[in-house]
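The numbers here are math on the coordinates, done by the rules we state, and not lab data. Fair warning: this is a prediction, and the values are worked out from it, not measured in the lab. FYI the Cβ positions are ideal-geometry reconstructions off the backbone, even for glycines, and counts take in every protein chain you see.
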Amino acid sequence: MAEIPRAAVIGAGPAGLAAALKLADGGLRVLLLDAEDRLGGSPFEFGCKATDRCANCYACLTLQQIRDVQTHESIEVVTAARVTDLTGPPDGRVLHIGDRQEPVSGVIVATGYRLAEVETARPDYGLSAVPGVGTALELEKRFRSGSLGDSPPRTLAFVQCAGSRDSAIGRDYCSRVCCTYALRLARAIHHRIPEIEMTLFYQDLTPAGAGFDALVAECESIMALRRGLPAKVYQEPGGARPIVCRADTLTGRISEEPYDEVALSVGLWAREDPELESVLGLAKDEHGFYEGSSQHRVLLAGACRGPMSIGEASEDGRVAAAELLRRVGTTVRGAVAIIGEDEHAEAVARREGFEPVRARAMSGVAGAFIAETDEAAVPVVGGIFVGRRADAEEEPLPPHVRSLYSKSGYGKAQSARRVAILLDFWAPYSRIAHEKALELAASRTGEKQRTWILCRHAFTGEQGLEALMTQVRESGTAIIHLPEAPEVESGLLTYVDPGMGKRQELKVDLIVAAPSLGPTSGQLLDLDAHHLNGRARLGAAHPTETPVEELQPPSNPHLGLSGTPREGIHVIGWLRDPGTSREAARRAEAAALADLATPRQGGRAEVDPAKCAICLTCIRACPHSAPVAVYDEEREKDVSFIQPEACVSCGLCVSLCPASAISHSSHSDESIARNLEELHAE
Amino acid sequence: MLSKDTVAFLCANGGQLLDAAYPEVLGDAVRVPIPCASRLDVVHVLRAVEQGARRVLVVACPAGNCRSMVGPDEAERRLHRAAALLREAGSHAQCILARAAANAPEDLRSTLAASLEDAANQIEEAPA
């Protein structure tokens with residue numbers, strides 16, 4: 001019998017843990033290595049930032065991933081490990097971990113990032129030199145331990161971009177996750193210690209995922225958000241407090257204000273490991289993040305490729321693992337339904353051996369769905385709903401403003417002389433809009449062409465966008481930050497300049513703006529709101545008047561960035577989160593490669609048909625649409641049946657069933673009672 | 001520090017993970033694993049008290065963090081019902097719902113501290 005191939009994953013942060021689990025579930029034996037003496041990587045340092053609700057930071061998932069890795073029989077974990085060599089021919093690679101040698105069919109590098117060296121890169125910020133100045137992570141640790149609440153500062157300032165978006169130190173890229181991190185932390189602190197007066201100084205508030213508008217709006221109500229980073233932070237003469245010296249880039253005013261504490265949101269830098277880079281032939285980009293490997297079957301995952309959130313890193317790990325599985329030749333085959341159009345999802349599905357089926361609706365359970373196409377019903381293993389932007393005629397834009405996404409807007413703007421691009425004002429914050437605006441501005445290279453981008457916050461939290469923004473600025477595009485939308489007339493914009501406090505007029509030939517995004521009315525026929533947010537089952541296509549925001553699946557770390565409560569069903573695209581084209585491609589890839597098998601959690605619920613009164617309680621309550629009504633020929637009546645492929649064995653239906661007709665195979669009432677008796681007997 | 005007269009029902013994705021990483025928080029409490037807080041039934045709470053528990057704790061996920069969406073809300077509803085039944089029966093057993101993610105031992109600690117303080121106050125206020 002041929003030996004099961006083994007793969008190595010280097011780095012046990014969210015990307016490495018997710019990759020190891022995916023590889024092991026895909027049939028490989030996995031060697032998971034980490035240089036530290038524990039698993040979890042950087043997120044292990046982070047605490048929970050929930051208030052009354054989960055903050056969706058995904059940090060808690062690390063513990064779950066660690067448990068799953070440690071209990072997976074196909075994964076061997078080696079901590080405090082150093083990879084010293086990779087030898088042998090392409091079909092017989094041997095990984096050297098110190099004295100140990102392991103044959104491997106492939107390697108995934110997921111070594112993460114390191115925090116910026118702010119003390120040396122920005123000594124003018126006073127870290128380790130000025131009392132009261134620390135990092136946001138240090139602040140978080142004090143907050144979680146309770147010591148912050150024991151002696152809270154009266155005033156606290158967050159300073160963003162410490163060590164990133166800073167061309168003076170050669171770090172002219174956005175670290176992508178720091179704004180969301182700081183805002184979530186500030187919100188959590190306010191929830192527990194509301195007496196602290198907080199201020200956050202920023203260049204641009206950069207979102208790292210869905211729900212950013214709501215987060216910013218919430219933070220605006222509990223703290224001061226002020227544009228313009230400090231030039232320096234120094235010790236109060238004759239005192240002990242840090243003074244923040246800065247110019248407000250919105251108003252132009254210079255200020256020097258004391259705070260009891262200053263927390264620096266430290267940027268993410270590339271980790272440096274010359275030995276590993278040499279051994280694995282890792283190529284680096286201009287900022288030191290890994291771009292690829294010259295070695296056969298050595299793949300990259302997570303923040304070693306560039307700054308990304310915990311959820312994104314986990315997703316990236318799964319995608320890399322799926323790619324390695326494909327290369328090793330253990331890919332699962334089947335067909336996957338794609339509802340809506342997405343060329344990335346279709347391309348990835350095809351590449352992976354799945355047959356993409358353009359469907360109007362789906363029914364069934366994970367691994368055995370039926371997709372309805374215009375011609376036939378087709379069996380598929382999973383489904384991907386793709387939310388698209390609204391039809392042009394439905395865009396809620398003011399008169400005289402054309403859509404950035406339409407030919408009459410974007411297309412015409414490429415040749416018009418004076419063009420204003422308006423973002424963030426008539427639609428939720430959209431990263432794809434910022435990406436398109438910069439692309440449009442960069443394409444306008446005519447001698448007499450002038451471009452203005454007016455927005456609330458410029459978005460550069462994607463690889464290459466910071467450089468693109470610098471390029472368009474240097475070529476004459478003006479980027480104007482406004483807190484409110486300008487007044488619009490035909491060919492004329494009027495706004496109050498925040499710096500001068502005066503009304504300004506801007507005459508242009510064309511105004512384009514980002515409209516609100518959502519599925520088209522045609523697609524609403526395909527989407528069942530109840531299915532998506534888990535309150536009921538997926539039905540056949542039918543019209544719905546459900547508001548778009550209610551169509552969005554719930555944000556929940558356990559569901560990942562594209563998953564829904566319904567196993568095997570994913571939602572991507574505009575409906576989920578208007579991310580950049582790169583993000584959209586990654587999300588489509590992750591959805592197309594998602595686990596379509598039954599979840600690993602043990603046990604399941606089962607109905608005793610003799611007791612079932614078909615009251616529909618379980619069918620209405622199950623968030624995963626696992627119970628269905630079936631006809632019982634023996635009893636000549638309908639009874640409830642729990643589809644094992646859809647059941648995640650939570651036990652909700654067991655506890656709800658008024659007839660006590662449902663039992664749980666691993667957590668029955670009797671077993672819980674026995675457990676209590678035994679434990680008390682001890 | 002919790003003693004053995006506390007029974008803690010722990011969900012698989014939150015409480016059990018938290019307890020594995022920070023076992024000191026629950027001290028000597030008797031642990032009962034459940035797959036999700038939504039599996040908790042009134043009868044489980046009553047059975048725990050019948051077995052001698054003076055305090056029943058359910059460690060559930062924060063809102064928006066439950067794998068099955070509704071677990072913490074369902075657990076809260078049933079715990080309230082159980083607490084009402086216990087009061088009617090003259091029991092002084094305390095029922096506590098803690099919403100804490102797997103990496104939030106401090107949230108569990110603060111809920112426990114507040115609940116224990118409440119219980120102490122109730123004892124002080126009770127007629128001799």
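Averaging the sequence gap over all C-alpha pairs within less than 8 Å and six or more residues apart, then dividing by the number of residues, gives chain A a relative contact order of 12 percent.
Taken residue by residue and averaged, Cβ atoms of other chains lying within 10 Å of the Cβ of B:102-111 number 5.
Could you pull out the GluC sites (Glu not before Pro) across the range A:619-670 that fall in loop regions by DSSP (anything but H, G, I, E, B) with no more than 15 other Cβ atoms inside 10 Å? If you can, show how the numbers build up before the last one.
Working: sites: A:E633, A:E634, A:E636, A:E645, A:E670; in loops: A:E633, A:E634, A:E636, A:E645.
Sites meeting the loop and neighbour criteria: A:E633, A:E634, A:E636.
When both bridge partners sit in the range A:392-513, DSSP labels roughly 35% of those beta bridges antiparallel. With the contact rule set at Cα under 8 Å and sequence spacing of 6 or more, what percent relative contact order holds for the range A:231-377? With pairs under 8 Å counted, the relative contact order is 10 percent. Once Rh is set to the Kirkwood radius over Cα pairs, what Stokes-Einstein translational diffusion coefficient, in µm²/s, holds for the range A:118-268 at a temperature of 25 °C and a viscosity of 0.890 mPa s? Taking Rh from Cα pairs, D becomes 159 µm²/s. Between the residues B:V25, A:S403, A:I672, the greatest Cα displacement towards the positive end of the dipole of the protein assembly as shown, with unit charges on the Cβ of Lys, Arg, Asp and Glu, is found for A:S403.
The fraction of all Cα pairs in chain A landing in successive 20 Å bins from 0 to the largest distance is 16, 46, 32, 5, 0, given as whole percents. Take the Cα coordinates of the range A:560-659, assign each an equal point scatterer, and use the Debye formula without solvent to give log10 I(q)/I(0) at q = 0.14, 0.23 Å⁻¹. Here log10 of I(q) over I(0) equals -0.63, -1.11. Distance from the Cα centre of the range A:245-266 to that of the range B:1-45, in angstrom? Here the two parts' Cα centres lie 46 Å apart.
Distance between the C-alpha centres of the range A:433-467 and the range A:613-668: 54 Å, rounded to the whole angstrom.
For the range B:6-125, the convex hull drawn through the C-alpha positions has a volume of 92 cubic angstrom per residue.
Ordering A:I480, A:G92, A:C653 by Cα displacement along the dipole of the protein assembly as shown toward the positive end leaves A:I480 in first place; charges were set at the Cβ atoms of Lys, Arg (+1) and Asp, Glu (-1). Report the residues of the range A:106-123 in range of a label on A:H296: point 7 Å along Cα→C-beta, backbone N strictly under 17 Å from it. From the range A:106-123, the list is A:106-108.
In terms of its C-alpha gyration tensor, the range A:382-510 has a rounded overall shape, because the principal axis ratio a/c (a ≥ b ≥ c, square roots of the eigenvalues) stays below 1.5.
Amide hydrogen proximity for A:Q235: with H placed 1.01 Å from N in the peptide plane, the residues at 5 or more positions away or on another chain lying under 5 Å are A:I243. Remark on A:R82: its backbone amide H falls under 5 Å from those of A:G98, a criterion applied only to residues 5 or more positions apart or on other chains, H modelled at 1.01 Å from N. Excluding same-chain neighbours fewer than eight residues apart, the lysines reachable from A:K22 by a Cα-Cα span under 27 Å are A:K284. Short-range pairs are left out: with C-alpha atoms under 8 Å and at least six residues apart, the relative contact order of chain B is 27 percent. Couplings 3J(HN,Hα) for the range A:449-457, derived from phi with the Karplus relation 6.51 cos²θ - 1.76 cosθ + 1.60 (θ = phi - 60°), are 7, 10, 10, 10, 10, 10, 8, 7, 9 Hz, where x marks Gly and Pro.
Scanning residues 5 or more positions from A:L264 or on other chains, those with amide H under 5 Å from its amide H are A:G134, A:T135, A:A136, A:V159, with H placed 1.01 Å from N in the peptide plane.
Checking every one of the GluC sites (Glu not before Pro) in the range A:17-109 against DSSP loop status and a limit of 16 other Cβ atoms within 10 Å picks out A:E36, A:E73.
Placing unit charges on C-beta atoms (Lys and Arg positive, Asp and Glu negative, everything else neutral), compute the dipole magnitude of chain A about its Cα centre in debye, rounded to 20. Each step should come with its number before you reach the end.
Numbers: 71 positive and 94 negative charges, 284 e Å.
So the magnitude is around 1360 debye.
Considering only beta bridges that DSSP places wholly inside the protein assembly as shown, some 40 percent are antiparallel.
If Lys and Arg each add +1 and Asp and Glu each add -1, what is the summed charge of the other residues whose beta carbon sits under 13 Å from the beta carbon of A:L205?
Value of the local net charge: +2.
Of B:A93, B:A114, B:A101, the residue with the greatest mean-square motion in the GNM of chain B, using alpha carbon springs below 10 Å, is B:A114. Of the GluC sites (Glu not before Pro) in the range A:272-313, the ones in a loop by DSSP (not H, G, I, E or B) with at most 12 other beta carbons within 10 Å are A:E272, A:E286. Ellipticity at 222 nm from helices only: DSSP H runs of n ≥ 4 in the protein assembly as shown, each -39500 (n - 2.57), divided by the residue count, give -8000 deg cm²/dmol. Computed from backbone phi, the HN-Hα couplings of the range A:583-594 come to 5, 4, 5, 5, 5, 5, 4, 5, 5, 5, 9, 5 Hz, rounded to whole numbers (Karplus: 6.51 cos²θ - 1.76 cosθ + 1.60, θ = phi - 60°; Gly and Pro given as x). The angle between the Cα long axis of helix A:431-443 and the main principal axis of chain A comes to about 50°, on a 0 to 90 degree scale.
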